[in-house]
1. Once label points are set 7 Å from the Cα along Cα→Cβ at both Asn5 and Gln346, what is their separation, rounded to one decimal in nm?
2. Work out, in µm²/s and without decimals, the Stokes-Einstein translational diffusion coefficient of region 160-262 at 4 °C, 1.567 mPa s, Rh from Kirkwood over C-alpha pairs.
3. Using the Cα atoms of region 309-394 to build a convex hull, what is its mean projected area in square nanometres?
4. Can you put Met209, Met375 in order of Cβ neighbours within 10 angstrom, beginning with the fewest?
5. Can you give me the three principal axis dimensions of region 189-385 from its C-alpha atoms, in Å, biggest first?
6. List every residue whose amide H lies under 5 Å from the amide H of Asp139, counting only residues 5 or more places away in sequence or on a different chain, with H placed 1.01 Å from N in the peptide plane.
7. With θ set to phi - 60°, apply the Karplus curve 6.51 cos²θ - 1.76 cosθ + 1.60 along region 173-180 and write out the HN-Hα couplings as whole Hz, x wherever there is a Gly or Pro.
8. Calculate log10 I(q)/I(0) of region 291-333 for q = 0.20, 0.28, 0.33 Å⁻¹, where I(q) comes from the Debye formula with a single equal point scatterer on each Cα and nothing for solvent.
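What follows is calculated from the coordinates using simple rules that are stated; it is not laboratory data. Being a predicted model, the structure only gives us computed values, none of them experimental. All Cβ positions, even for glycine, are placed from backbone atoms using ideal geometry, and neighbour counts span all protein chains on display.
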Amino acid sequence: MDGGNEERREETVGLVVIVVFAVLAVCSLLVACCYYCYIRFKLSQHLKTKSLNAADEESADVVAAAADERENETKRPHTATAMGAPTGEKVGVVVFPFKQLHIATGGFGKGNAIGHGSFGSVYKGVLGDGRKIAVKLMDHAGKQGEEEFKMEVDLLTRLRSPYLLQLIGYCSDSDNKILVYEFMANGGLQDLLYPTAGGASKLEWEMRMRIALEAAKGLEYLHEHVTPPVIHRDFKSSNILLDRNLHAKVSDFGLAKLGSDKIGGHVSTRVLGTQGYVAPEYASTGHLTTKSDVYSYGVVLLELITGRVPVDMKRPAGEGLLVSWALPHLAEREKIVHIIDPSMEQGKYKLKDVVQVAAIAAMCVQPEADYRPLMADVVQSLVPLVMHKPRSSI
Ligand SMILES: Nc1ncnc2c1ncn2[C@@H]1O[C@H](COP(=O)(O)OP(=O)(O)O)[C@@H](O)[C@H]1O
Ligand SMILES: [Mg+2]
């Protein structure tokens, strides 16, 4: 009997122990599950906050980049896309009384004369607020129709790019036709490439390439960012003006048309542009396209490479015309060496860069207009060749 009871009690204890263990096991499983869920929850919370922060940081970066871009833009944008007011939007232009410009230029005194071109004389002037200006006084104003002059001014006021010379205002009365531009302290590119005082040009390769790129962006704007496109017609080194930091702007993009009327039955020279820069098809047929400007641009590139003017009949036979002389040298590395401007310090340029620019120049001046590149292509090819170093002066 006792043995049976003892056996039953042992069975019951065993059962209780099993149940207790089972309950404990279930409880610890539950605790483990809860803990696991808790950890998962915490982890997901952490990841969420992290990704939100990252998104915030990213958008802050984008905003900062945009702000930087805007700041650079105000300083001076170097991309072709960041260009000025859209076509058709008029920018403020001042109508000056003749007297004000007379005072500003010291009575158009000789001491203030800074140049003379096919339009007329250019004078340096200072406005009442201290702003420096360049005043272009048209020769024989009577020969130009007032309406045409106004039309051109109207065109100029609609174009705005950091790579185009800004028209500040004009004066148009019965006797005078005057254009007032921002003053460019370093004058025309030709002044720096061919110093009148003699001696070698101090323009080094790096600076030449930056000027080439900025001028290309000016033409690109006229050809591809304006509707209808504007053809410069008189692109040349003296129409690339340089500010005090040697940044380049294209000038006279409205004047070619100004002088295009026929005088005494003869076509004025302005229609034909400037000797040495005119595309062959335009010279022979008068057919004008943006590719005529591309040709002229190619001539300027050759000037920058060689340091030679487009036409110089004082040179030995075969060397008088820059394009015909340079063209056979452009395709071969060994020959290019012989045409590089000797006034550039040799260690300051890479031959492979010169070879590349020579190839671009060769494409621009080829006789078949259709095969010349677009200015946008030229800009794209030049961008990698321009080093982004702090501005230097000469
Ligand atoms: N905005 C300007 N700022 C400084 N110099 C200028 C400006 N415009 C013209 N010049 C100077 O006057 C010269 C004559 O200019 P221009 O009448 O346009 O004739 P061209 O372009 O045929 O030389 C230029 O070569 C340049 O040296
Ligand atoms: Mg000019």
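1. Here the modelled spin labels are 12.2 nm apart.
2. On the way: Rh = 14.8 Å.
D, rounded to a whole number, is 88 µm²/s.
3. Numbers: hull surface 29.2 nm².
Projected over every direction and averaged, the Cα hull of region 309-394 covers 7.3 nm².
4. On the way: Met209 20, Met375 25.
Taking fewest neighbouring Cβ atoms as first place, the list is Met209, Met375.
5. Result, largest extent first: 51, 39, 35 Å.
6. Close amide H contacts, sequence-distant or interchain: Gly120, Ser121.
7. For region 173-180, the Karplus curve yields 10, 4, 9, 10, 10, 10, 10, 10 Hz.
8. Cα-only, vacuum Debye calculation for region 291-333: -0.62, -1.05, -1.19.
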